[in-house]
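To keep things clear, I will list the structure first and then write my remarks on it.
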Amino acid sequence: MRVLQSWSVRIGGAALLALLLIALAAPWLGTVDPTLFDAASRDLRPGEAGEITTLEGETLKHVFLMGSDSFGRDVYSRVVYGTRVSLLVGISAALLALAFGVILGLVAGYVRALDGPLMRVMDGIMAIPAILIAIALVALWRASLPTVIIAIAIPEIPRVTRLVRALTLSIREEPYVEAAVALGTPAGRIMLGHILPNTVAPLLVQATYTCAFAILLEAILSFLGVGLPPDIPTWGNIMAEGRVQFVAYPHNVFFPGIFLAVTVLAVNILGDGLRDTLDPKMAKRV
Amino acid sequence: MTILRVDGLTVQLPKGGDRPEAVSGVSFSVERKEILCLVGESGSGKSVIAQAVMGLLPKTLPVSSGRVFLEAEELTAASEERLRQLRGARMSMIFQEPMTALNPVMRCGAQLDEVLREHTRMGPAARRARTLEIVREVALPEPERMLESYPHQLSGGQRQRIMIAMALVLEPALLIADEPTTALDVTTQAQILRLIVELQKRHGMGVLFITHDFGVVAEIAHRVAVLREGRLAELGAKLEVLSNPRDAYTRMLIRAVPTLKPHGRGADDAAPVVLRTAKLSKTYTDAGWLSRNRVVPAASEVSVDVRRGQTLGVVGESGSGKSTLARCIVRLIEPTSGKILLADLDLARMSARELRPLRRRFQIVFQDPYRSLNPRRTVGEAIMEGPLNYGVPRARALERARRLMELVRMDPNALGRYPHQFSGGQRQRICIARALAMEPELLVADEAVSALDVSVQAQVLALLAEIRARLSLAMLFITHDLRVAAQICDQVAVMQQGRIVEYGPAHEVFRQPRHPYTQALLAAAPGRDFAFGG
């Protein structure tokens with residue numbers, strides 16, 4: 001595979017793979033239930049030992065690798081479990097935005113009559129900052145995992161739509177598309193069978209950027225307290241709780257922050273690598 | 001006196017190419033006052049030689065052995081700085097596409113001025129005088145206005161003249177011309193060729209002229225070097241090489257060049273009309289929001305008949321509306337007015353839904369074999385797409401595809417492969433097979449052989465003629481190349497600015513052209529006095 005020869009793809013991909021493994025293997029990485037707390041173990045420094053009480057009332061000895069927060073919860077467990085939420089939100093939001101964006105973009109690019117109306121709506125959505133749309137939508141629906149994913153995906157749809165429309169406009173002029181028209185191929189099959197497969201490379205690149213942005217946006221929403229409910233461990237929630245005591249106990253913000261930065265960086269590096277190998281023309285321009 | 005000497009030049013190709021070397025042990029020289037034509041098909045290494053001489057080879061193509069001398073100075077040993085001084089001053093180059101060779105955001109005058117500023121110590125006034133002088137010399141009208149223009153404001157021929165002016169402003173000893181007329185229309189080509197010959201005589205330059213077109217060779221060369229896959233196949237005086245080639249490959253190439261003499265077969269006016277256009281027009285309107293609408297008539301009142309088993313050729317220069325006509329007829333675009341009659345059905349006004357059942361009766365083959373096939377679909381899928389659209393069962397469609405591959409002389413077992421695994425000529429065969437899979441009555445070929453090398457072109461032309469005869473196809477053949485038209489057409493329509501100016505049996509149009517434009521076209525065809533072909 002040519003793609004795997006790029007160092008950006010290798011590094012970004014390896015980092016993401018590691019994060020994915022962490023997310024999947026969270027219960028076996030020396031974590032405890034991230035919602036457990038113990039008043040005796042409040043505000044521990046990273047590496048300090050303490051105890052934690054399970055739901056059954058058992059008290060366990062536990063080493064707080066990343067310290068504990070002001071409720072006595074294990075930051076390490078919360079950060080590791082937070083990886084699940086972040087990746088889930090990032091990937092689902094990217095897929096959702098992609099699904100809608102691809103359909104709308106194909107239609108706008110191929111059906112001349114719908115191009116104007118569709119794109120004006122997209123322009124309208126793009127004119128509002130993504131974070132405002134997301135906040136408004138979450139406020140409207142009540143925060144839960146699916147609503148947050150949808151709220152993050154919606155402001156991303158216009159970006160994907162614009163990309164797919166631009167690609168469609170140029171691909172539809174290719175002689176092989178005209179040949180398909182001459183062969184009597186119906187419009188739907190031309191869009192899905194001829195145009196869509198030729199947009200895959202740039203779409204894949206766009207998908208990584210969308211994913212990175214979705215992860216970031218989820219963290220921002222949680223940090224602002226308008227995202228997922230505080231009992232769900234997300235990096236944004238952990239940082240929001242740690243913010244108050246940041247000067248005294250920086251580890252509450254520091255560790256989830258590191259994870260967030262590394263994740264977004266890994267996704268972006270992967271995207272850059274994909275762009276360079278799949279779409280050399282685009283790479284030169286940037 | 002020898003101006004350029006190339007001695008055993010070998011240029012390495014990167015690993016994994018189709019051959020180890022781009023150019024292998026090529027030796028030749030260009031004398032003062034001489035035009036040496038370097039001829040070869042695509043991939044023969046002719047442009048690589050030009051780049052090697054100019055010192056412009058990319059790092060991936062290193063010169064591995066051999067030496068190049070310009071007026072006794074060894075270029076292969078010269079420093080980058082010395083090469084930079086020599087380029088433009090002692091040797092210069094013109095390219096195929098002047099639009100991309102000129103800077104689009106700089107006025108032509110400023111670009112010419114830059115050459116003088118970089119290489120001489122002339123003052124502004126002297127530079128201005130020299131610029132005007134050279135622009136006059138390349139016979140550009142209104143030199144002052146030309147110098148004030150941006151490249152996009154000029155025509156293709158004018159741009160190429162500016163390029164020539166830039167190349168010659170420092171009076172170099174050697175001019176390298178890399179396919180300088182390939183992108184131009186035939187009448188413009190004739191003018192540019194005449195200009196190059198004239199300037200070469202006046203200044204006593206040596207010219208290394210790279211081309212794929214034997215017509216051009218016949219027109220301007222003193223000596224000819226024929227390249228094949230990076231090796232020199234033959235080198236000799238023009239007449240010797242063209243009329244008495246010693247090398248088998250050269251012989252094959254020259255035999256493949258279509259002659260301007262029309263083929264013997266007369267047009268059959270009794271054959272039934274398959275498709276008739278009546279006053280077909282297509283007008284493009286540029287509807288501006290704030291500006292006035294711009295109306296461009298691309299085709300006006302075109303009336304032609306295409307008959308069963310016959311080929312109607314539509315010839316014309318770029319912008320004459322011939323492709324618009326083809327695309328209207330197969331209804332890829334909607335005509336503005338007029339009729340397209342297939343039997344007695346008028347296609348011109350039909351909706352996409354009404355057209356669908358009729359589409360199988362007319363098919364089109366495009367110019368660019370590299371873009372005519374979806375890169376992500378196998379050849380088999382491409383050929384079967386049409387029949388499957390019309391409900392032919394998969395097994396039958398596959399069987400038909402295999403038969404068609406044989407018909408176009410390809411291996412039926414190649415159906416599972418992807419387009420990038422085939423050469424341009426093979427892809428064009430696949431496109432023909434794809435069109436034929438619909439069992440059409442009418443086949444429209446829109447410059448279908450124009451992008452092909454001459455030997456491949458001859459094969460595809462022969463294939464088209466054979467298929468037309470065997471399947472009694474009506475064929476509409478769009479081309480800018482009069483030689484090709486002479487070989488394949490029974491009837492010819494000559495288009496100029498959207499109108500048909502002459503229309504008649506091919507042998508009449510070619511032997512006794514009536515319209516002045518047809519006469520001009522025929523007179524401009526390069527190498528018209530030379531009898532090519534077998």
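The values are calculated or read from the model by the stated rules, or taken from the named source; none is laboratory data. These numbers come from a predicted model, not from an experiment. When we count neighbours, we look across all protein chains shown, and the Cβ atoms used for this are built from the backbone with ideal geometry, even at glycine.
Odds and ends about this structure:
- Sole exception among (1) touching a residue at least 40 places away in the same chain (Cβ under 8 Å); (2) farther than 25 Å from residue B:189 by Cα for residue B:454, by number: (2)
- Inclusion of residue B:270 among residues that are surrounded by fewer than 14 Cβ atoms within 10 Å (Cβ to Cβ) and among the hydrophobic types (A, V, I, L, M, F, W, C) is warranted.
- Residues that are under 18 Å from residue B:284 (Cα atoms), within 14 Å of another protein chain (Cβ to nearest Cβ) and either more than 31 Å from the chain's Cα centre (by Cα) or not small (Gly, Ala, Ser) (or both), drawn from the range B:319-351: B:324, B:327, B:328, B:329, B:330, B:331, B:332, B:333, B:334
- Residues of the range B:364-377 satisfying the condition of being more than 7 Å from chain A (Cβ to nearest Cβ) and crowded, with 24+ Cβ neighbours inside 10 Å: B:365, B:369
- Just so you know, in the range B:446-457 the residues that are surrounded by 19 or more Cβ atoms within 10 Å (Cβ to Cβ) and in contact with a Leu (Cβ under 7 Å, 6 or more places away or on another chain) include one that is nearest to the other protein chains (Cβ to nearest Cβ), and it is B:449.
- Residues satisfying the stated conditions in the range B:364-384, i.e. touching a residue at least 40 places away in the same chain (Cβ under 8 Å) and touching an Asp or Glu at 6+ places or on another chain (Cβ under 9 Å): B:364, B:365, B:366, B:367, B:368, B:372, B:374, B:377
To keep it simple, each residue is scored yes or no on (1) touching a Cys at 6+ places or on another chain (Cβ under 9 Å); (2) among the hydroxyl-bearing types (Ser, Thr, Tyr); (3) over 22 Å from residue A:236 (Cα atoms); (4) not in a helix (DSSP H, G or I).
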residue	(1), (2), (3), (4)
A:35	no, yes, no, yes
A:52	no, no, yes, yes
A:63	no, no, yes, yes
A:89	no, no, no, no
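- Test: residue B:483 is out of contact with any strand residue (DSSP E or B) (no Cβ under 6 Å at 6 or more places or on another chain), in a helix (DSSP H, G or I) and within 14 Å of another protein chain (Cβ to nearest Cβ): no
- Pairs with Cβ under 7 Å, 6+ apart, first in the range B:218-230 and within 29 Å of residue B:12 (Cβ to Cβ), second among the acidic types (Asp, Glu) and not in a helix (DSSP H, G or I): B:223/B:34; B:226/B:234; B:226/B:247; B:230/B:21
- Yes/no for residue B:380 being within 16 Å of residue B:422 (Cα to Cα), among the small types (Gly, Ala, Ser) and more than 9 Å from chain A (Cβ to nearest Cβ): yes
- Some residue of the range B:160-170 being over 26 Å from residue B:86 (Cβ atoms), of a type in the set (A, V, I, L, M, F, W, C) and without any contact (Cβ under 8 Å) to a residue 60 or more places away in the chain: no
- Residues (assigned to a helix (DSSP H, G or I) and of a type in the set (A, V, I, L, M, F, W, C)) located in the range B:486-505: B:486, B:488
For (1) buried (at least 20 other Cβ atoms within 10 Å of the Cβ); (2) out of contact with any helix residue (DSSP H, G or I) (no Cβ under 7 Å at 6 or more places or on another chain); (3) closer than 19 Å to residue B:383 by Cα, each residue gets a yes or a no:
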{"position": "B:433", "(1), (2), (3)": "yes, no, yes"}
{"position": "B:444", "(1), (2), (3)": "yes, no, yes"}
{"position": "B:459", "(1), (2), (3)": "no, no, no"}
{"position": "B:479", "(1), (2), (3)": "yes, no, no"}
{"position": "B:482", "(1), (2), (3)": "yes, no, no"}
{"position": "B:499", "(1), (2), (3)": "no, yes, no"}
{"position": "B:514", "(1), (2), (3)": "no, yes, no"}
{"position": "B:523", "(1), (2), (3)": "no, yes, no"}
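- Number of positions in the range A:208-240 that are aromatic (Phe, Trp, Tyr) and more than 21 Å from residue A:251 (Cα to Cα): 2
- Considering (1) closer than 23 Å to residue B:478 by Cα; (2) more than 12 Å from chain A (Cβ to nearest Cβ); (3) buried (at least 20 other Cβ atoms within 10 Å of the Cβ), the lone condition that residue B:428 does not fulfil carries the number (2).
- Just one of the listed residues (A:73, A:2) is at pLDDT below 80 and either in contact with a Phe, Trp or Tyr (Cβ under 7 Å, 6 or more places away or on another chain) or surrounded by fewer than 15 Cβ atoms within 10 Å (Cβ to Cβ) (or both), and it is A:2.
- Residue within the range B:340-358 that is aliphatic (A, V, I, L, M), closer than 30 Å to residue B:18 by Cβ, in the same structural domain as residue B:453 (by TED's automatic domain parsing) and surrounded by 15 or more Cβ atoms within 10 Å (Cβ to Cβ) present: no
- 1 or more residues among the hydrophobic types (A, V, I, L, M, F, W, C), within 14 Å of chain B (Cβ to nearest Cβ) and touching a residue at least 60 places away in the same chain (Cβ under 8 Å): qualifying helices (runs of 4 or more DSSP H) within the range A:168-245: A:200-223
- No other residue among B:472, B:450 is of a type in the set (Ser, Thr, Tyr) and at pLDDT below 90 apart from B:450.
Quick grid of which residues meet (1) touching a Ser or Thr at 6+ places or on another chain (Cβ under 8 Å); (2) at the interface with chain A (Cβ under 9 Å from one of its Cβ atoms); (3) of a type in the set (A, V, I, L, M):
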site: B:353; (1), (2), (3): no, no, no
site: B:356; (1), (2), (3): no, yes, no
site: B:360; (1), (2), (3): no, yes, no
site: B:416; (1), (2), (3): yes, no, no
site: B:423; (1), (2), (3): no, no, no
site: B:432; (1), (2), (3): no, no, yes
